[in-house]
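I have placed the structure first, in the form of structure tokens, so that the comments after it can refer back to it.
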Amino acid sequence: MSENKPCNECGGTSFGTGEIKGYGAVIPSHKILSNGSPLILNICTNCGLVNSLRVKYPEKFKKKQ
């Protein structure tokens, strides 16, 4: 979610970010051995709603041609 859009839950406009690391990392389904990528969360600091999730290293999910 963009920083200039209000929260869908409470209408708040202040957001913070957090990460899910370790066992919560997303691992590419096409790779057998991979450390994966942590998830980056965009969180409303007023109500705590997680407005978006994205991987920190999207390049790890590209298939080699």
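Summary of computed values
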| read-out | value |
| --- | --- |
| Residues satisfying the stated conditions in region 39-56, i.e. part of a loop (DSSP other than H, G, I, E, B) and in contact with a Cys (Cβ under 7 Å, 6 or more places away or on another chain) | ASN46, CYS47, LEU49 |
| Residue in region 39-55 that is touching a Pro at 6+ places or on another chain (Cβ under 6 Å) and surrounded by 10 or more Cβ atoms within 10 Å (Cβ to Cβ) present | no |
| Test set (1) within 28 Å of LYS60 (Cβ to Cβ); (2) polar (S, T, N, Q); (3) at pLDDT 95 or above - ASN46 fails condition number | (1) |
| Conditions (1) surrounded by 12 or more Cβ atoms within 10 Å (Cβ to Cβ); (2) among the charged types (D, E, K, R); (3) assigned to a helix (DSSP H, G or I): number failed by GLU59 | (1) |
| Pick from region 26-38, criterion among the small types (Gly, Ala, Ser) and in a loop (DSSP other than H, G, I, E, B), ranking: surrounded by the most Cβ atoms within 10 Å (Cβ to Cβ) | GLY36 |
| In region 9-25, the residues that are surrounded by 14 or more Cβ atoms within 10 Å (Cβ to Cβ) and either under 10 Å from the mean Cα position of the chain (by Cα) or assigned to a loop (DSSP other than H, G, I, E, B) (or both) | GLY12, ILE20, ALA25 |
| Test: residue in region 1-8 that is surrounded by 12 or more Cβ atoms within 10 Å (Cβ to Cβ) and in a strand (DSSP E or B) | no |
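The values are calculated or read from the model by the stated rules, or taken from the named source; none is laboratory data. All values reported here derive from a predicted model rather than from experimental measurement. FYI the Cβ positions are ideal-geometry reconstructions off the backbone, even for glycines, and counts take in every protein chain you see.
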